[in-house]
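The values are calculated or read from the model by the stated rules, or taken from the named source; none is laboratory data. Worth saying up front: this structure is predicted, and the values here are computed from it rather than measured. All Cβ positions, glycine included, derive from the backbone under ideal geometry; neighbour counts span all protein chains shown. Areas reflect the complete protein model, heavy atoms only, side chains present, ligands, DNA and RNA absent. Shrake-Rupley method; radii C 1.70, N 1.55, O 1.52, S 1.80 Å.
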Amino acid sequence: MRGIDAAAVSLPRYRLAGEAVEEAWGRNPHREMVVPRADEDAFTMGIAAAERLFERGIEREAIEHVALASTTPPLDEGLFAPRLGRALGLGRNVETSEHTGSTLAGAEAFSRALDADGPALVVVSDCPAGDPADGWGAGAVALLVADEAAVGVPERAWHADEYPGLRYRERGSEDVASIGVTTYERDAIRECVTGAASQLDSIGSVAHAALHQPDARMPGRIANDLPIDDEAVEHGTVVDRVGDAGAATVFLGLARALGGADADDRTLAGVFGSGGAGAAFVLDGGLDVAGLVDGEIPDGERISYTNALRKRGVLDEEEVAGGGARVSLPTWRGSLDQRYRLRAGRCPDCETVAFPPEGACPHCGSRADYEPYDLPRVGVVRARTVVGQGGAPPEFAAQQRRDGAYGVVVVGFEGIDATLPAQLTDCDPESVAIGDELRAVVRRIYEQEGIGRYGVKFVPTA
Ligand SMILES: [Zn+2]
(Lines give C-alpha, C1' and ligand atoms only; values in the text may rest on other atoms or scores of the structure.)
Protein backbone atom coordinates (compact mmCIF):
# COMPACT_ATOMS: atom_id res chain seq x y z
CA MET A 1 0.00 0.00 0.00
CA ARG A 2 1.15 3.55 -0.69
CA GLY A 3 2.14 5.46 2.42
CA ILE A 4 5.11 6.63 4.47
CA ASP A 5 8.25 4.56 4.01
CA ALA A 6 10.64 6.79 5.98
CA ALA A 7 10.34 9.87 8.19
CA ALA A 8 12.68 12.39 9.78
CA VAL A 9 12.26 15.45 12.00
CA SER A 10 14.55 18.40 12.49
CA LEU A 11 14.26 21.20 15.05
CA PRO A 12 16.39 24.28 15.62
CA ARG A 13 18.73 24.00 18.59
CA TYR A 14 17.40 26.68 20.94
CA ARG A 15 14.47 26.53 23.39
CA LEU A 16 12.53 29.18 25.29
CA ALA A 17 10.89 28.12 28.56
CA GLY A 18 7.20 28.86 29.01
CA GLU A 19 7.97 30.38 32.43
CA ALA A 20 10.17 33.00 30.75
CA VAL A 21 7.23 34.09 28.60
CA GLU A 22 5.00 34.09 31.68
CA GLU A 23 7.31 36.55 33.44
CA ALA A 24 7.01 38.94 30.51
CA TRP A 25 3.37 38.42 29.50
CA GLY A 26 1.63 36.77 32.44
CA ARG A 27 0.76 33.92 30.14
CA ASN A 28 2.50 30.58 29.71
CA PRO A 29 1.53 29.22 26.31
CA HIS A 30 3.61 26.00 26.33
CA ARG A 31 6.12 24.29 28.58
CA GLU A 32 8.86 24.93 26.04
CA MET A 33 9.13 26.51 22.58
CA VAL A 34 11.65 25.96 19.79
CA VAL A 35 13.41 29.18 18.70
CA PRO A 36 15.00 29.41 15.25
CA ARG A 37 18.17 31.45 14.81
CA ALA A 38 18.43 34.44 12.48
CA ASP A 39 19.87 32.17 9.79
CA GLU A 40 17.05 29.60 10.01
CA ASP A 41 13.64 29.69 8.34
CA ALA A 42 11.09 27.24 6.95
CA PHE A 43 13.39 26.56 4.00
CA THR A 44 16.56 25.74 5.98
CA MET A 45 14.66 23.62 8.54
CA GLY A 46 13.03 21.66 5.72
CA ILE A 47 16.40 20.95 4.12
CA ALA A 48 17.76 19.74 7.47
CA ALA A 49 14.84 17.31 7.90
CA ALA A 50 15.15 16.01 4.31
CA GLU A 51 18.93 15.54 4.66
CA ARG A 52 18.21 13.24 7.62
CA LEU A 53 16.09 11.06 5.32
CA PHE A 54 18.85 10.83 2.75
CA GLU A 55 21.32 9.89 5.51
CA ARG A 56 19.16 6.76 5.86
CA GLY A 57 20.26 5.63 2.41
CA ILE A 58 17.33 6.91 0.34
CA GLU A 59 18.40 7.62 -3.24
CA ARG A 60 18.15 11.30 -4.14
CA GLU A 61 17.81 10.42 -7.84
CA ALA A 62 14.76 8.23 -7.15
CA ILE A 63 12.58 11.14 -5.96
CA GLU A 64 9.95 12.01 -8.60
CA HIS A 65 7.81 14.50 -6.69
CA VAL A 66 8.55 17.14 -4.06
CA ALA A 67 5.65 18.56 -2.02
CA LEU A 68 6.57 21.46 0.25
CA ALA A 69 4.24 22.89 2.93
CA SER A 70 4.55 25.92 5.19
CA THR A 71 2.36 28.76 6.43
CA THR A 72 5.52 30.89 6.45
CA PRO A 73 7.45 30.33 3.23
CA PRO A 74 10.29 32.89 3.10
CA LEU A 75 8.65 34.57 0.08
CA ASP A 76 4.98 35.60 -0.41
CA GLU A 77 5.34 34.90 -4.12
CA GLY A 78 8.08 32.81 -5.65
CA LEU A 79 8.62 29.08 -5.37
CA PHE A 80 10.85 27.39 -2.85
CA ALA A 81 10.40 23.80 -4.04
CA PRO A 82 12.96 24.35 -6.87
CA ARG A 83 15.44 25.69 -4.32
CA LEU A 84 14.76 22.67 -2.14
CA GLY A 85 15.44 20.36 -5.08
CA ARG A 86 18.67 22.14 -5.86
CA ALA A 87 19.83 22.32 -2.25
CA LEU A 88 19.17 18.59 -1.80
CA GLY A 89 20.83 17.62 -5.08
CA LEU A 90 17.64 16.06 -6.53
CA GLY A 91 17.14 15.47 -10.25
CA ARG A 92 16.02 18.41 -12.39
CA ASN A 93 12.89 16.64 -13.68
CA VAL A 94 11.04 16.29 -10.38
CA GLU A 95 7.43 17.41 -10.27
CA THR A 96 7.00 20.03 -7.54
CA SER A 97 4.03 21.26 -5.56
CA GLU A 98 3.95 23.94 -2.91
CA HIS A 99 1.27 24.34 -0.26
CA THR A 100 0.72 27.36 1.95
CA GLY A 101 -2.02 29.66 3.29
CA SER A 102 -3.09 27.73 6.39
CA THR A 103 -2.09 25.01 8.82
CA LEU A 104 -3.85 22.57 6.48
CA ALA A 105 -0.88 22.97 4.09
CA GLY A 106 0.87 19.87 5.46
CA ALA A 107 -2.22 17.72 4.87
CA GLU A 108 -2.51 19.06 1.32
CA ALA A 109 1.15 18.27 0.59
CA PHE A 110 0.83 14.78 2.09
CA SER A 111 -2.34 14.06 0.12
CA ARG A 112 -0.71 15.31 -3.08
CA ALA A 113 2.24 12.97 -2.52
CA LEU A 114 -0.10 10.03 -1.89
CA ASP A 115 -1.74 10.74 -5.27
CA ALA A 116 1.57 11.16 -7.11
CA ASP A 117 3.40 8.43 -9.01
CA GLY A 118 6.75 7.14 -7.80
CA PRO A 119 8.70 8.09 -4.68
CA ALA A 120 7.65 11.50 -3.34
CA LEU A 121 9.35 13.71 -0.78
CA VAL A 122 7.02 15.66 1.54
CA VAL A 123 8.54 18.48 3.57
CA VAL A 124 6.37 20.25 6.16
CA SER A 125 8.33 23.06 7.76
CA ASP A 126 7.12 26.09 9.65
CA CYS A 127 7.93 28.90 12.11
CA PRO A 128 4.88 31.17 12.40
CA ALA A 129 5.34 34.82 13.36
CA GLY A 130 3.27 36.54 16.04
CA ASP A 131 3.55 37.28 19.75
CA PRO A 132 5.65 34.95 21.90
CA ALA A 133 2.65 34.75 24.26
CA ASP A 134 0.75 33.04 21.44
CA GLY A 135 3.28 30.26 21.62
CA TRP A 136 5.86 30.57 18.88
CA GLY A 137 7.30 27.32 17.75
CA ALA A 138 9.28 25.90 14.86
CA GLY A 139 10.19 22.59 13.31
CA ALA A 140 10.24 20.46 10.19
CA VAL A 141 9.24 16.96 9.13
CA ALA A 142 10.31 15.12 6.00
CA LEU A 143 8.43 12.06 4.74
CA LEU A 144 9.25 9.65 1.97
CA VAL A 145 5.94 8.60 0.39
CA ALA A 146 6.17 5.47 -1.73
CA ASP A 147 4.33 2.32 -2.80
CA GLU A 148 4.56 -0.77 -0.56
CA ALA A 149 5.48 1.50 2.34
CA ALA A 150 6.21 0.55 5.97
CA VAL A 151 3.22 2.68 7.04
CA GLY A 152 0.22 2.37 4.75
CA VAL A 153 -2.49 5.01 4.41
CA PRO A 154 -5.72 3.07 3.81
CA GLU A 155 -8.13 5.97 4.37
CA ARG A 156 -8.34 9.75 4.26
CA ALA A 157 -11.27 12.16 4.45
CA TRP A 158 -11.92 15.90 4.28
CA HIS A 159 -14.40 18.39 5.67
CA ALA A 160 -14.88 22.02 4.64
CA ASP A 161 -17.24 24.70 5.93
CA GLU A 162 -16.66 28.42 6.16
CA TYR A 163 -15.45 29.77 9.51
CA PRO A 164 -14.22 33.33 8.88
CA GLY A 165 -12.01 35.29 11.26
CA LEU A 166 -9.79 32.52 12.60
CA ARG A 167 -6.01 32.88 12.53
CA TYR A 168 -5.41 34.81 9.35
CA ARG A 169 -2.69 37.03 8.01
CA GLU A 170 -3.49 40.12 5.94
CA ARG A 171 -1.64 40.38 2.66
CA GLY A 172 1.76 41.95 3.25
CA SER A 173 1.61 41.51 7.03
CA GLU A 174 3.92 39.29 9.03
CA ASP A 175 1.62 39.00 12.00
CA VAL A 176 -1.07 36.39 12.43
CA ALA A 177 -4.42 37.88 13.47
CA SER A 178 -7.65 36.40 14.77
CA ILE A 179 -10.97 37.75 16.01
CA GLY A 180 -9.98 35.88 19.17
CA VAL A 181 -13.35 34.43 20.19
CA THR A 182 -11.97 31.29 21.70
CA THR A 183 -15.19 29.26 21.99
CA TYR A 184 -15.98 29.98 18.35
CA GLU A 185 -12.45 29.00 17.42
CA ARG A 186 -12.54 25.76 19.41
CA ASP A 187 -15.90 24.84 17.90
CA ALA A 188 -14.58 25.44 14.40
CA ILE A 189 -11.54 23.25 14.99
CA ARG A 190 -13.61 20.46 16.55
CA GLU A 191 -16.22 20.52 13.80
CA CYS A 192 -13.72 20.50 10.95
CA VAL A 193 -11.39 17.81 12.34
CA THR A 194 -14.13 15.52 13.67
CA GLY A 195 -16.15 16.15 10.50
CA ALA A 196 -13.28 14.62 8.54
CA ALA A 197 -12.25 11.92 11.05
CA SER A 198 -15.77 10.59 11.68
CA GLN A 199 -16.03 9.60 8.00
CA LEU A 200 -13.21 7.07 8.45
CA ASP A 201 -14.39 3.43 8.73
CA SER A 202 -11.43 2.43 10.92
CA ILE A 203 -11.70 5.33 13.41
CA GLY A 204 -12.76 2.87 16.17
CA SER A 205 -9.43 1.05 16.19
CA VAL A 206 -7.01 3.96 16.51
CA ALA A 207 -4.22 3.55 19.12
CA HIS A 208 -2.39 6.86 18.50
CA ALA A 209 -3.69 10.24 17.38
CA ALA A 210 -1.88 13.39 16.23
CA LEU A 211 -4.53 16.12 16.24
CA HIS A 212 -4.47 19.85 15.52
CA GLN A 213 -2.64 21.36 18.50
CA PRO A 214 -2.34 25.14 18.77
CA ASP A 215 -2.15 24.33 22.51
CA ALA A 216 -1.92 21.17 24.58
CA ARG A 217 -5.62 21.04 25.49
CA MET A 218 -7.09 21.18 21.99
CA PRO A 219 -6.32 17.57 20.94
CA GLY A 220 -8.25 16.23 23.95
CA ARG A 221 -11.21 18.46 23.08
CA ILE A 222 -11.26 17.14 19.52
CA ALA A 223 -10.94 13.54 20.72
CA ASN A 224 -13.98 13.96 23.03
CA ASP A 225 -16.18 13.74 19.96
CA LEU A 226 -14.39 10.66 18.61
CA PRO A 227 -13.84 7.10 19.95
CA ILE A 228 -10.23 7.97 20.96
CA ASP A 229 -8.81 7.84 24.49
CA ASP A 230 -6.46 10.26 26.27
CA GLU A 231 -3.47 7.96 26.01
CA ALA A 232 -3.77 7.79 22.21
CA VAL A 233 -3.91 11.59 22.08
CA GLU A 234 -0.85 11.97 24.33
CA HIS A 235 1.26 9.85 21.91
CA GLY A 236 0.69 12.38 19.12
CA THR A 237 0.99 15.62 21.09
CA VAL A 238 4.24 17.62 20.91
CA VAL A 239 3.10 21.25 21.18
CA ASP A 240 4.26 21.43 24.80
CA ARG A 241 7.83 20.66 23.73
CA VAL A 242 7.90 22.45 20.38
CA GLY A 243 5.43 25.36 20.61
CA ASP A 244 3.01 26.19 17.84
CA ALA A 245 4.92 25.18 14.73
CA GLY A 246 2.03 26.02 12.39
CA ALA A 247 1.55 23.45 9.63
CA ALA A 248 4.36 21.31 11.05
CA THR A 249 2.95 20.69 14.55
CA VAL A 250 0.55 17.84 13.67
CA PHE A 251 3.21 16.22 11.48
CA LEU A 252 5.78 16.42 14.29
CA GLY A 253 3.15 14.77 16.52
CA LEU A 254 2.50 12.17 13.83
CA ALA A 255 6.23 11.43 13.56
CA ARG A 256 6.39 10.90 17.33
CA ALA A 257 3.28 8.67 17.25
CA LEU A 258 4.59 6.55 14.34
CA GLY A 259 7.96 6.28 16.12
CA GLY A 260 6.19 4.66 19.06
CA ALA A 261 3.72 2.55 17.05
CA ASP A 262 3.93 -1.21 16.52
CA ALA A 263 3.53 -2.80 13.07
CA ASP A 264 -0.14 -3.63 13.72
CA ASP A 265 -1.01 -0.27 15.36
CA ARG A 266 -3.30 2.26 13.74
CA THR A 267 -2.69 6.04 13.96
CA LEU A 268 -4.96 8.98 13.16
CA ALA A 269 -3.70 12.35 11.90
CA GLY A 270 -6.30 15.13 12.17
CA VAL A 271 -5.38 18.47 10.64
CA PHE A 272 -7.21 21.82 10.74
CA GLY A 273 -6.92 24.81 8.43
CA SER A 274 -8.21 28.23 9.47
CA GLY A 275 -10.94 29.45 7.16
CA GLY A 276 -12.74 26.21 7.91
CA ALA A 277 -11.34 22.89 6.72
CA GLY A 278 -10.19 19.61 8.21
CA ALA A 279 -8.40 16.53 6.92
CA ALA A 280 -7.98 13.13 8.52
CA PHE A 281 -5.66 10.26 7.62
CA VAL A 282 -5.49 6.71 8.94
CA LEU A 283 -1.99 5.23 9.05
CA ASP A 284 -1.23 1.56 9.62
CA GLY A 285 2.11 0.53 11.14
CA GLY A 286 5.14 2.12 12.76
CA LEU A 287 8.52 3.55 11.75
CA ASP A 288 11.93 4.31 13.19
CA VAL A 289 11.89 8.12 12.79
CA ALA A 290 15.24 9.85 12.21
CA GLY A 291 15.90 12.85 14.45
CA LEU A 292 13.89 11.62 17.46
CA VAL A 293 15.87 10.64 20.58
CA ASP A 294 14.49 7.46 22.16
CA GLY A 295 11.29 8.17 20.25
CA GLU A 296 10.93 11.65 21.77
CA ILE A 297 11.38 15.22 20.54
CA PRO A 298 15.06 15.99 21.27
CA ASP A 299 16.08 18.45 23.99
CA GLY A 300 17.67 21.74 23.01
CA GLU A 301 19.57 24.52 24.68
CA ARG A 302 17.53 26.91 26.85
CA ILE A 303 18.02 30.61 26.16
CA SER A 304 16.67 33.75 27.85
CA TYR A 305 13.55 35.60 26.75
CA THR A 306 15.59 38.57 25.49
CA ASN A 307 17.93 36.30 23.59
CA ALA A 308 14.93 34.56 22.00
CA LEU A 309 13.42 37.90 20.94
CA ARG A 310 16.73 38.85 19.36
CA LYS A 311 17.03 35.56 17.46
CA ARG A 312 13.47 35.88 16.14
CA GLY A 313 14.29 39.39 14.91
CA VAL A 314 11.86 41.21 17.21
CA LEU A 315 14.64 43.49 18.49
CA ASP A 316 16.13 43.96 15.05
CA GLU A 317 14.81 47.29 13.84
CA GLU A 318 17.88 49.17 12.71
CA GLU A 319 18.54 49.26 9.01
CA VAL A 320 22.08 48.67 7.91
CA ALA A 321 23.48 51.26 5.53
CA GLY A 322 24.48 49.74 2.18
CA GLY A 323 27.94 48.62 1.21
CA GLY A 324 29.33 45.13 1.39
CA ALA A 325 30.37 42.83 -1.39
CA ARG A 326 27.78 42.77 -4.17
CA VAL A 327 27.34 39.43 -5.85
CA SER A 328 25.02 39.50 -8.88
CA LEU A 329 22.22 36.93 -8.99
CA PRO A 330 23.56 35.17 -12.13
CA THR A 331 26.97 34.87 -10.45
CA TRP A 332 25.32 33.59 -7.28
CA ARG A 333 23.23 31.08 -9.23
CA GLY A 334 26.39 29.85 -10.93
CA SER A 335 27.77 28.94 -7.50
CA LEU A 336 24.68 27.09 -6.16
CA ASP A 337 26.25 23.63 -6.34
CA GLN A 338 29.26 24.96 -4.45
CA ARG A 339 27.03 26.69 -1.89
CA TYR A 340 24.66 23.76 -1.28
CA ARG A 341 26.47 20.59 -2.31
CA LEU A 342 30.13 21.57 -1.68
CA ARG A 343 30.80 20.85 -5.35
CA ALA A 344 34.55 20.95 -5.88
CA GLY A 345 36.58 19.83 -8.90
CA ARG A 346 39.07 16.99 -9.37
CA CYS A 347 41.99 17.50 -11.73
CA PRO A 348 41.78 14.84 -14.49
CA ASP A 349 45.59 14.77 -14.70
CA CYS A 350 46.67 14.39 -11.06
CA GLU A 351 43.38 13.86 -9.15
CA THR A 352 44.00 16.83 -6.84
CA VAL A 353 40.71 18.29 -5.55
CA ALA A 354 40.26 22.07 -5.84
CA PHE A 355 37.65 24.30 -4.20
CA PRO A 356 36.26 26.41 -5.75
CA PRO A 357 36.73 24.43 -8.98
CA GLU A 358 38.19 27.34 -10.91
CA GLY A 359 41.51 28.21 -12.55
CA ALA A 360 44.51 25.96 -13.04
CA CYS A 361 45.11 22.86 -10.90
CA PRO A 362 46.84 24.03 -7.69
CA HIS A 363 49.06 20.92 -7.73
CA CYS A 364 50.17 20.26 -11.33
CA GLY A 365 49.03 23.47 -13.04
CA SER A 366 46.87 21.60 -15.56
CA ARG A 367 44.20 23.72 -17.26
CA ALA A 368 42.05 20.72 -18.23
CA ASP A 369 38.37 20.93 -17.09
CA TYR A 370 37.81 19.74 -13.54
CA GLU A 371 35.65 16.68 -12.96
CA PRO A 372 32.75 17.41 -10.55
CA TYR A 373 33.57 16.18 -7.06
CA ASP A 374 31.36 16.73 -4.00
CA LEU A 375 33.33 17.27 -0.79
CA PRO A 376 32.22 15.22 2.23
CA ARG A 377 29.63 16.93 4.45
CA VAL A 378 31.74 16.19 7.52
CA GLY A 379 35.15 17.87 7.91
CA VAL A 380 37.55 19.21 10.53
CA VAL A 381 38.53 22.70 11.68
CA ARG A 382 41.88 23.78 10.24
CA ALA A 383 41.64 27.41 11.39
CA ARG A 384 39.08 29.48 13.27
CA THR A 385 38.40 33.12 13.98
CA VAL A 386 35.56 34.93 15.76
CA VAL A 387 34.05 38.07 14.27
CA GLY A 388 32.95 40.27 17.16
CA GLN A 389 30.33 43.00 17.37
CA GLY A 390 31.01 45.71 14.80
CA GLY A 391 33.61 43.63 12.96
CA ALA A 392 31.19 42.07 10.48
CA PRO A 393 30.89 43.17 6.86
CA PRO A 394 27.55 44.98 6.28
CA GLU A 395 25.84 41.95 4.72
CA PHE A 396 26.28 40.06 8.02
CA ALA A 397 25.50 42.95 10.38
CA ALA A 398 21.79 42.08 10.79
CA GLN A 399 22.62 38.44 11.52
CA GLN A 400 25.23 39.56 14.07
CA ARG A 401 22.77 41.79 15.92
CA ARG A 402 20.40 38.84 16.27
CA ASP A 403 22.76 35.91 16.87
CA GLY A 404 25.84 37.71 18.30
CA ALA A 405 29.50 37.16 17.42
CA TYR A 406 29.99 34.49 14.80
CA GLY A 407 32.81 32.16 13.93
CA VAL A 408 34.50 31.71 10.59
CA VAL A 409 36.43 28.50 9.98
CA VAL A 410 38.62 26.97 7.35
CA VAL A 411 37.33 23.42 6.96
CA GLY A 412 39.56 20.57 5.82
CA PHE A 413 38.73 17.00 4.83
CA GLU A 414 40.64 13.81 5.45
CA GLY A 415 42.72 12.76 2.46
CA ILE A 416 41.73 15.81 0.40
CA ASP A 417 43.89 18.87 -0.24
CA ALA A 418 41.03 21.31 -0.75
CA THR A 419 39.82 23.46 2.15
CA LEU A 420 36.97 25.92 2.29
CA PRO A 421 36.05 28.92 4.41
CA ALA A 422 32.60 28.94 6.00
CA GLN A 423 30.64 30.33 8.91
CA LEU A 424 29.99 28.39 12.09
CA THR A 425 26.43 28.27 13.41
CA ASP A 426 24.47 26.75 16.36
CA CYS A 427 27.43 27.00 18.73
CA ASP A 428 29.58 29.30 20.83
CA PRO A 429 32.34 29.96 18.28
CA GLU A 430 34.92 30.40 21.09
CA SER A 431 34.35 26.77 22.09
CA VAL A 432 35.35 25.43 18.67
CA ALA A 433 38.98 24.29 18.41
CA ILE A 434 41.30 23.27 15.62
CA GLY A 435 40.78 19.58 14.85
CA ASP A 436 37.11 19.57 15.93
CA GLU A 437 34.74 17.70 13.62
CA LEU A 438 32.09 19.75 11.79
CA ARG A 439 28.98 18.90 9.77
CA ALA A 440 27.53 20.95 6.89
CA VAL A 441 24.04 22.48 7.21
CA VAL A 442 22.22 24.78 4.80
CA ARG A 443 21.38 28.17 6.35
CA ARG A 444 20.49 31.69 5.31
CA ILE A 445 23.79 33.40 4.48
CA TYR A 446 22.49 36.93 3.96
CA GLU A 447 19.99 38.97 2.05
CA GLN A 448 21.05 41.12 -0.86
CA GLU A 449 18.83 43.30 -3.00
CA GLY A 450 15.90 41.90 -1.01
CA ILE A 451 16.66 38.30 -1.95
CA GLY A 452 17.55 35.76 0.71
CA ARG A 453 20.61 33.72 -0.24
CA TYR A 454 21.36 30.35 1.24
CA GLY A 455 24.38 28.12 1.49
CA VAL A 456 26.41 25.82 3.69
CA LYS A 457 27.55 26.69 7.20
CA PHE A 458 29.09 24.27 9.68
CA VAL A 459 27.99 22.91 13.08
CA PRO A 460 30.21 20.96 15.53
CA THR A 461 29.28 17.28 15.55
CA ALA A 462 30.19 16.81 19.23
ZN1 LIG B 1 46.45 18.46 -11.32
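In order along the stretch 208-214, phi translates into HN-Hα couplings of 9, 9, 9, 10, 3, 9, x Hz, rounded to whole numbers, per the Karplus curve 6.51 cos²θ - 1.76 cosθ + 1.60 with θ = phi - 60° and x for Gly and Pro.
Against the main long axis of the alpha-carbon atoms of the chain, helix 42-55 sits at an angle near 80°. Note on the stretch 75-200: with charges restricted to the Cβ of Lys and Arg (+1) and Asp and Glu (-1), its dipole about the Cα centre is near 300 debye. The alpha carbon convex hull volume per residue for the stretch 111-167 rounds to 131 Å³. Taking H159, H65, H99 and ordering them by how much accessible surface each has at a 1.4 Å probe, largest first, produces H159, H99, H65.
Above 19 Å lies some portion of the pair distances; for the stretch 1-106, what is it as a whole percent of all C-alpha pairs?
Counting every Cα pair in the stretch 1-106, those more than 19 Å apart make up 55 percent.
Taking N as the residue count of the stretch 134-185, its C-alpha radius of gyration divided by 2.2 N^0.38 Å amounts to 1.75.
Please get the size of the charge dipole for the chain, origin at its Cα centre, with Cβ charges of +1 on Lys and Arg and -1 on Asp and Glu, quoted in debye to the nearest 20.
Dipole size: approximately 1300 debye.
Taking square-rooted eigenvalues a ≥ b ≥ c of the alpha carbon gyration tensor, is the stretch 329-460 rounded, prolate or oblate, where a/c under 1.5 means rounded and, failing that, a/b exceeding b/c means prolate? Because a/c hits 1.5 or more and a/b fails to exceed b/c, the stretch 329-460 counts as oblate. Cβ-Cβ distance of S205 and E447, R₀ of 35 Å, FRET efficiency by 1/(1 + (r/R0)^6): the value works out to about 0.10. Think of the chain as having a plus end and a minus end, set by charges on the Cβ of Lys, Arg, Asp and Glu; of P164, I297, I222, I297 sits farthest toward the positive end of this dipole.
The C-alpha atoms of the chain define a longest principal axis, and helix 105-115 lies at about 90 degrees to it. Shown are Y163, Y14, whose ranking by accessible area with a 1.4 Å probe and every protein chain present, most to least, is Y163, Y14. Compared with the dominant Cα axis of the chain, that is its longest principal axis, helix 248-259 is turned about 80°.
The Rg/Rh ratio of the chain, with both radii computed over alpha carbons and Rh defined as the Kirkwood radius, is 0.98.
Across the stretch 198-205, coupling constants 3J(HN,Hα) worked out from phi with the 6.51/-1.76/1.60 Karplus curve, θ = phi - 60°, read 6, 7, 7, 5, 9, 4, x, 10 Hz, and Gly and Pro carry x. Please report the spacing between the Cα centers of the stretch 130-171 and the stretch 426-462 in Å, no decimals. Cα centroid to Cα centroid, the span is 29 Å. Classify the stretch 178-292: rounded, prolate or oblate, from the alpha-carbon gyration tensor (a ≥ b ≥ c, eigenvalue square roots; a/c under 1.5 rounded; otherwise prolate if a/b is larger than b/c)? Since a/c reaches 1.5 but b/c is at least a/b, the shape of the stretch 178-292 is classed as oblate. Note that the chain presents 42 Å² accessible area per residue, ligands and nucleic acids not counted, probe 1.4 Å.
Considering only P421, V432, G404, and ranking their Cα positions along the charge dipole of the stretch 398-438 that arises from unit charges at the beta-carbon of Lys, Arg, Asp and Glu, the one farthest toward the positive end is G404.
Run the accessible area of the stretch 3-311 with a 1.4 Å probe and give the carbon-and-sulfur part as a rounded percent. Each step should come with its number before you reach the end.
Values: 4960 of 11800 Å².
The C+S portion of the solvent-accessible surface of the stretch 3-311 is 42 percent.
At a 4.7 angstrom Cβ threshold, list every cysteine in the chain that has nobody to pair with, or say none. Unpaired cysteines in the chain: C127, C192, C427.
For the stretch 358-423, which whole-number percentage of the solvent-accessible area (1.4 Å probe, protein heavy atoms only) is attributable to carbon and sulfur atoms? Heavy-atom surface of the stretch 358-423 belonging to carbon and sulfur, 1.4 Å probe: 51 percent.
Near the amide H of L211, within less than 5 Å, lie the amide hydrogens of G270, all on another chain or at least 5 residues away, with H placed in the peptide plane.
Ranked by the mean number of other Cβ atoms within 10 Å of their residues, highest first, the peptides 421-434, 212-225 come out as 212-225, 421-434. Packing here is the average count of other Cβ atoms within 10 Å per residue, and on that basis the peptides 365-371, 410-416, 104-110, highest first, run 104-110, 410-416, 365-371. Sorted on the mean count of surrounding Cβ atoms within 10 Å across their residues, most packed first, peptides 1-10, 353-362 read 1-10, 353-362.
Close amide H partners of D229, meaning residues 5 or more places away or on another chain with modelled amide H under 5 Å apart, do not exist here.
Around the amide H of L438, modelled in the peptide plane, lie the amide H atoms of G379, V380, V381, T461, all under 5 Å away and 5 or more residues distant in sequence or on another chain.
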